Amino acid sequence: MSGTSSSYLFLSAPADPTKQDTVNKLKDKIASKAHDYAEIYPFSLPDFKVGTLDSLVVLSDDLAKADATAEAISTKIAENMRALLNNDLEQWKMNLTVNDKPIDTFLRNFQWNTMKYRTDRSLRELTDMVVQEITQIDTLMKTKMTSYTQVKSQLQGMSRKQTGNLAVRSLNDIVKKDMFVLDSEFLTTALVAVPRALERDWINSYETLTQMVVPRSSQRIAEDDEYALYTVTLFQRILDEFAMKARENKFIVRDFKWDPQAMAAEKKQLAEIGASEKEQWTSLLRLCKTNFGEAYSCYVHLKALRLFVESVLRYGLPPDFQPMLVKAKAKYERKVRDILNVHFARLGGLANAQGGDEHLEENLQMLVGDKDYSPVVLFPINPIVTI
């Protein structure tokens, strides 16, 4: 939920004449009893080391890229968590926390983390610190997700063999030793999956599909909704020919040999992979929760840096502007944006001292018609979930 229709906006406006006056005037327009369209939560930013305006221009471009990257990483971690929880939205929302708080609470009470990002560093250093942190998180999560995906795919592949129909599934838990001719130099037992609708055809034809089939040797040993499983005894040397003739009649000769050691090894492997998948799932879910909170915090701190830099570039020095979170109420996102555009129109130079109100009326249509235009420094925030 990002873009111009976002319910959450970081906004910065010049003191008018004081910062509190700026907040109060905006509240009158969008967060009052008469105009109850949004909630406003002012916050403060530290006195960052500004540096030169040229360096801020370059940093502005880098912050825009870092902002987009951090949003993408946070969103991806959230999506991975949702997949791990089998799309259980309630559990998902409960686990999407930042500093053990819901996203909405974190945003409404945002404060710059001065312990983690010390303000005696330059804006460039702070940006690089946050970017490095979220990049490390992204690298770790990709590695862990790749490892888990491989184990899960392996488990799904083995599980499909246990749960498919008799034409494809593992037969280890169906067959028994006494169903086979063993230790014979010439004879072997084949297992054949016969479509339920063709069972009579099988009984009438299996002895004559090829030569060297033992008469009356076929026994029905299992069934499911699609197939019945039969044994048949025949000479080993004509097994391939028999399988081909059977396939022509839609009978499927299963590739199976009685091997107790291989069967035990497959059962053991399935149990081990199942245990590994469960262990990795638990660890990965915990990691997603922790790293989502860290990544999202990085994302919002980058957004705050961007808000500060753009405010200095737009409003000048010394910094004298009020940052705030604007949370538009449901279905009022577009209306709030339009009111902001009109309320702060003078910041965009769309009115002049001689005829401000007339010029505002002339430009009103343009202000409310352009979804991307904003005369005030303003950035949408992706809340990940609709609160």
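The values are calculated or read from the model by the stated rules, or taken from the named source; none is laboratory data. As the structure is a computational prediction, the values presented were derived from the model and not from experiment. Cβ atoms come from the backbone with ideal geometry, glycine included; neighbour counts cover every protein chain shown. Ligands, DNA and RNA are stripped out before the accessible areas are found, and what is left, the full protein with its side chains, is counted by its heavy atoms. Shrake-Rupley method; radii C 1.70, N 1.55, O 1.52, S 1.80 Å.
So here's what we get for this one:
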| item | result |
| --- | --- |
| Listed peptides 135-144, 323-332 by packing density, highest first (mean Cβ within 10 Å) | 323-332, 135-144 |
| Heavy atoms of Asp21: accessible area, 1.4 Å probe, square angstrom to 10 | 50 |
| Anchor Lys335: lysines whose Cα lies under 18 Å away (excluding residues fewer than 8 positions away in-chain) | Lys25, Lys27, Lys29, Lys33, Lys327, Lys371 |
| Accessible area of the chain belonging to carbon and sulfur atoms, whole % at 1.4 Å probe | 49 |
| For the chain, accessible area per residue (1.4 Å probe, heavy atoms of protein chains only), Å² | 55 |
| Shape call, segment 91-140: gyration tensor on alpha carbons, a/c limit 1.5 | oblate |
| Trypsin sites (Lys or Arg not before Pro) restricted to segment 181-250 and DSSP loop, no more than 14 other C-beta within 10 Å | Arg216, Lys250 |
| Helix-derived mean residue ellipticity, 222 nm - over the chain, DSSP H n ≥ 4, -39500 (n - 2.57), to 500 | -17500 deg cm²/dmol |
| With DNA, RNA and ligands ignored, accessible area of Leu287 (1.4 Å probe; Å², nearest 10) | 40 |
| Cross-link pairs Lys49/Lys289; Lys152/Lys267; Lys101/Lys278 - those with Cα-Cα distance over 25 Å | Lys49/Lys289; Lys101/Lys278 |
| Correct option for Cα extents along the principal axes in Å [calculated from the coordinates] among [x] 81, 50, 45; [y] 70, 46, 40; [z] 109, 45, 36 | [z] |
| Residue-count net charge about Met263 - beta-carbon cut-off 13 Å; Lys, Arg +1, Asp, Glu -1 | +3 |
| Relative contact order [Cα under 8 Å, 6+ residues apart], segment 184-296, whole percent | 29 |
| Alpha-carbon Rg/Rh ratio, for segment 180-319, with Rh computed the Kirkwood way | 1.53 |
| Average Cα contact separation per residue, segment 52-200, under 8 Å, 6 or more apart, as relative contact order % | 14 |
